[in-house]
Amino acid sequence: MPRIHLTTLGCAKNQVDSDKLVSVMNASGYGTDALAEEADIVMINTCAFIEDAREESINTILEAERAKRPDAKLVVIGCLAQRYATELVESLPEVDAVVGLDRYGDLVGTLDDLSGIDVERPRGSSMDILFETSRPTPGTPYAYVKVAEGCDKPCTFCAIPLIRGAQRSRSPINIRQEMSELCDAGVGEIVLVAQDLAAYGRDIQAPGGITELLEFVGDVQGLRRLRLLYLYPKEIRPGLIEAMATTSSIAPYFDLSLQHASQPLLRAMKRPGSGESFAALIDDIRAASPTATTRSSFIVGFPGETGSQLEELADFLTAVRLDWAGFFPYSPEIGTPAAELEGQLPKDEIVERVRYLRNIQDEITQAANTDQVGRELEVVIDGIEDGQPFGRSYREAPEIDGLISLDRGEPGDWVTVEITGAYGTDLVGVVQ
Ligand code: SF4
């Protein structure tokens, strides 16, 4: 059977999609462990969130075209394929197939057609594939579990609802089943993800929403740590804070998507809150969990963002002292209201503003890390690099935050560590 080389770009949710598609392709007889230069089919799971992500996707497709065997097929899937299928087909004749998210039910059939394989196959819906399919055991002690697809929020800068549609939540039983399979396979940390995680269940009338889901899955056999990513501020209710602060299996790690601190700008983004209300929310979180870790993402350079609004955000960062923060340069997304707004800023000005805010936050993050010296933390060992084990405590989410270097241990071990040093975004510790 043909062998596939799959490259995945973008967010954790896209990685989960790739994992599920690998299961479907393997179950249909396709190998998915080929090197790019050996594969019969080279597949790119793309991202289209912002301009930089689209550029990376296009460059990756062109690199794959150059690297692949001349007779191999080139297949593009994911958000760019969903959003710009026609443009991709017209502008990239070297691509053999473009399969968007809502056509994943046809993916294997498309691969059969490209490979000249004539076989009748059951064709499930895309949602069936993305929700129902079990996935291969990840090579890490953590795994992402997507609890819903799509988003109902009206943020004026965001194209995700145009790409992934309205929110569709999975059933709690389906989510628990997947978590059990992963934990049975040795995964100890589960990271729950969705575009709008804290709004989970609203579309399926799941009573109690995310808080009840946490209760329902919190005692899965083998689960050591449950982490939540992408919490929309207005959806963070006292019950959720309480559950995250008091349930031993849940990391008191609050990944807030605040996006800005200026109220007029947030309103232009069609988002709730203000610097004051966000500071109060963070105070509530820290009152419920004094050792809670906080993170947020911010959009920088939104149309019309004035110098004083930029300073307002800078002052907010200095005042609330988040442990971690990510800054995304605003880029106009076709079809979004913000792309039509007056006051679009020059790209180099936006880049400069991002650099300015990152410098402020880097100092805050380093100080928060220095405060960890002397603490004892439970750490999962993710891997070994140059003979040095490294891992993460509840304070570090996979792939986006810092790491803890250790003196000994094996991947998958859960160990108690005394933190002995802090170096920028990373820590050093000794296994007890
Ligand atoms: S909540 Fe997030 S995914 Fe949904 S529209 Fe807003 S920014 Fe986009």
Within region 260-273, residues open to solvent by 10 Å² or more (accessible area, probe 1.4 Å) and away from the ligand (no atom under 16 Å from the Cβ) come out as Q263, P264
Residues of region 1-18 being in a helix (DSSP H, G or I), open to solvent by less than 30 Å² (accessible area, probe 1.4 Å), in contact (Cβ under 8 Å) with a residue 60 or more places away in the chain and not charged (D, E, K, R), in sequence order, are A12, N14, V16
Conditions (1) under 28 Å from V300 (Cα atoms); (2) open to solvent by 10 Å² or more (accessible area, probe 1.4 Å); (3) away from the ligand (no atom under 16 Å from the Cβ) -> S249 fails only (1)
Condition set under 24 Å from the mean Cα position of the chain (by Cα) and open to solvent by 60 Å² or more (accessible area, probe 1.4 Å), scope region 299-331, selection nearest to T425 (Cα to Cα): answer is R321
A careful count of residues in region 385-432 that are under 27 Å from A245 (Cβ atoms) and of a type in the set (K, R) gives 2
V373: passes all of (1) more than 30 Å from M269 (Cα to Cα); (2) surrounded by 15 or more Cβ atoms within 10 Å (Cβ to Cβ) but (2)
Filtering region 37-61 down to residues that are closer than 18 Å to D96 by Cβ and surrounded by 14 or more Cβ atoms within 10 Å (Cβ to Cβ) yields A39, D40, I41, V42, M43, I44, N45, T46, S57, I58, T60, I61
Check your understanding: Within region 112-133, is even one residue in the same structural domain as R224 (by TED's automatic domain parsing) and touching a Ser or Thr at 6+ places or on another chain (Cβ under 6 Å)?
Key -> yes
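Residues that are open to solvent by 50 Å² or more (accessible area, probe 1.4 Å) and within 16 Å of the ligand (Cβ to nearest atom), at least 1 per element: which helices (runs of 4 or more DSSP H) completely within region 107-173 meet that?
160-164
Open to solvent by 10 Å² or more (accessible area, probe 1.4 Å) and assigned to a strand (DSSP E or B), is that true of D401?
In short, no.
Tell me, which residue of region 19-55 that is in a helix (DSSP H, G or I) and closer than 12 Å to C79 by Cβ is farthest from the chain's Cα centre (by Cα)?
Among those that are in a helix (DSSP H, G or I) and closer than 12 Å to C79 by Cβ, it is R54.
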R286 fails exactly one of (1) within 20 Å of L228 (Cα to Cα); (2) open to solvent by 30 Å² or more (accessible area, probe 1.4 Å); (3) part of a loop (DSSP other than H, G, I, E, B), namely (3)
Of the listed residues (E90, E65), the one being open to solvent by 70 Å² or more (accessible area, probe 1.4 Å) and either at pLDDT 95 or above or among the acidic types (D, E) (or both) is E90
Exactly one of E333, E305, E349, E342 is part of a helix (DSSP H, G or I), assigned by TED's automatic domain parsing to the domain that holds R164 and among the acidic types (D, E), and that residue is E349
Note on region 383-394: residues touching a Pro at 6+ places or on another chain (Cβ under 9 Å) and surrounded by 19 or more Cβ atoms within 10 Å (Cβ to Cβ) are P389, G391, R392, Y394
The condition from (1) over 22 Å from the mean Cα position of the chain (by Cα); (2) surrounded by 21 or more Cβ atoms within 10 Å (Cβ to Cβ); (3) among the small types (G, A, S) that S257 misses is numbered (1)
For region 253-264, pairs from a residue that is under 15 Å from I241 (Cβ atoms) and in contact (Cβ under 8 Å) with a residue 12 or more places away in the chain to a residue that is part of a loop (DSSP other than H, G, I, E, B) and within 12 Å of the ligand (Cβ to nearest atom), with Cβ under 7 Å and 6 or more apart or across chains, are D255/L229; D255/Y230
By residue number, the members of region 281-315 that are of a type in the set (D, E, K, R) and touching an Asp or Glu at 6+ places or on another chain (Cβ under 8 Å) are R295
Among the residues of region 174-200, the number that are within 16 Å of the ligand (Cβ to nearest atom) and free of Cβ contacts under 8 Å to residues at least 40 places away in the same chain is 0
Taking region 75-105 and keeping only residues that are over 18 Å from N14 (Cα atoms) and of a type in the set (D, E, K, R), one is left with E87, E90, E94, D96
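The values are calculated or read from the model by the stated rules, or taken from the named source; none is laboratory data. Keep in mind it's a predicted model, so treat the numbers as computed, not measured. Neighbour counts run over all protein chains shown; Cβ positions are idealised from the backbone, glycine included. Surface accessibility is based on the protein's heavy atoms, side chains included, excluding ligands, DNA and RNA. Shrake-Rupley method; radii C 1.70, N 1.55, O 1.52, S 1.80 Å.
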